[in-house]
Amino acid sequence: MNDRGTVLPKQGVDRQVLLDEMRVLRDGDVDWEGNRAFGLVYHHSKVHTDFIREAHGLFFSTNGLNPMAFRSLQKMEHGVVRTTVTMLHGDDEVVGTMTSGGTESILLAMLTYRQYARKTRPWITRPEIVVPESAHAAFYKAGEYFDMRIVKTPLQSDYRADPKAMAACINDNTIGLVGSAACYPYGVIDPIEDLAALALKHDLPLHVDGCIGGFMVPFVEQLREDERLSPIPPFDFRVPGVTSMSADVHKYGYAAKGASTVMYRGMKYLRCQISAATDWCGGVYASPTLAGTRPGAAIAAAWASLQALGEDGLLENARATMAVTRGFRDGIEAIPELQVFGKPAMSILAYGSKVKGFSTYAVGDFLESRGWHLDRLQVPEALHLIINPGHAQILDQYLADLRDGVEYVKSHPDAAFEGSAPMYGLIAKAPMRRMVKNQVIDLIAGMYTADGEVPDIGPAPEGAEEGALVAPPSAPGVPKPVIWLMKLKARLGRLVGA
């Protein structure tokens, strides 16, 4: 394939030629349709995906910027928000909007807290938000974008937020608290009732991030009632003190990408989210979210998805997903070297080694050499799974490859210093966090230069399937002398341990 696409052609290219080239490009992506990815894509079924694609296409060119022109979008956005509010036990006082995704929902909630504090506590010049360290990275982005300090607090031993640690960080500059239901890294639900009581005591708003769990946890809660399992404590607008929530429709609501919600207990908060320029020479310009133009197709597809699945469909999806999740958890914990961290309330698993010196990241590289796409966690060193019903089709193969990966790393201890494992290891443990941040920014920025390339991948390691996708053969940003010293330290440790 040539380099077409980096310049505007003199004459337009034949559309069929372009479609064929785009299919070739797509062939290099992760095989999400084959259930080789855990996260990024949430796939309910082919029938549902085909339906959502059609609903999306009906509103492909519409624009949510002007609800007077596209009344249909206003009606459907209202429907999505009210459906979500009801699901999360909100009343008529709870109001909200759709957004482009979980990050925008979180950004808007934090911006709203800042704007509300400016009205009610104007003396605060350096606002602070107190979060557990398991809170989504988007909260830190909000801190950078909106000039707020995000105060990170340690977790309890079960990986849930620690209300006492958060209480100790509240001061005169605090303008809000955060909890998760469930948190992205470990799938556990923070003690929302305790955090809400803390918020009420200090007259602070509390945001509950349900971006990943919003359309799963309410139905898992019902399953636990059916199966007489330990109940999930209230986590939503049933809890006095919960001020706002976010929930992504494009995750376990199975809408098209670009669909989330943010909701507030009271219009006094939502008004702080709305921007209106009334003195612009171009006329009055008002928008309820960060975006101006808002793709109407995403709104329409979200409405269609929720209406098509219904409560029974989402409940059955939760039942199927949690059954697969139990299969993954049982299979992982049957491997002596591995453990699942915490007690996930939903379909998220973080797992890693319970053997000192055993590299979970090296196991991750091995799995990627077999064609799996996995995320890594830093604290503790772990691999991360977000599970959907379709993963039932590959459960046995994944567990077989996982067992092979563990055996490979056991017999090749230096695998911890090959592939991407040392990079992840250093990122997780390096004390100079600003240097690490700069290296990550450099890596991302490199994809946006004039040459703009994703880092190359290398040959499959021993034990991998021929031609499989693998992690980079060398660790970007990790000098060879550092790798050598890491190997030496590990070998001496093994020698002393022996």
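Nothing in this text is a laboratory measurement; each read-out follows from the coordinates by a stated rule. This is a predicted model, so every value here is computed, not measured. Because the Cβ atoms are built from the backbone with ideal geometry, glycine has one as well, and the counts that use them run over all protein chains shown.
Structure values in brief
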quantity	calculated
Relative contact order of the chain, defined on C-alpha pairs under 8 angstrom at six or more residues apart (%)	16 percent
Cα→Cβ-extended label distance, 7 Å offset, between L200 and A137, nm	3.6 nm
Distance between modelled label sites at R238 and V440, nm, 7 Å Cα→Cβ extension	3.5 nm
Angle in degrees between helix 71-87 and the longest Cα principal axis of the chain, rounded to the nearest 10	70 degrees
0 to 90° range, to nearest 10: angle between helix 217-226 axis and the chain longest Cα axis	80 degrees
Only Lys, Arg (+1) and Asp, Glu (-1) charged, at Cβ; the chain dipole about Cα centre in debye	1480 debye
Tilt relative to the chain, helix 102-120 - C-alpha long axis, 0 to 90 degrees, to 10	50 degrees
Pairwise label distance in nanometres, V284 with Q397, each label 7 Å out on the Cα-Cβ vector	5.7 nm
Residue order, fewest to most beta carbons within 10 Å, for R126, R271, R376	R126, R271, R376
Cβ-derived FRET efficiency at R0 56 Å, Q11 paired with Q222, nearest 0.05	0.45
Distant-in-sequence amide H partners of T99 (H built 1.01 Å from N, under 5 Å)	S260, T261, V262
Chymotrypsin sites (Phe, Trp or Tyr not before Pro) restricted to segment 268-358 and DSSP loop, no more than 11 other C-beta within 10 Å	W280
At R0 = 45 Å, FRET efficiency that the Cβ-Cβ distance of R82 and R126 yields, to 0.05	0.75
Relative contact order %, segment 17-145, counting alpha carbon pairs below 8 Å whose residues are six or more apart	13 percent
Gain in span if fully extended, I274 to R149, counting 0.36 nm per residue against the direct Cα distance	42.7 nm
Kirkwood Rh and Cα Rg combined as Rg/Rh, the chain	0.97
Residue exposure sequence - K46, K251, K354 - by fewest surrounding Cβ within 10 Å	K46, K354, K251
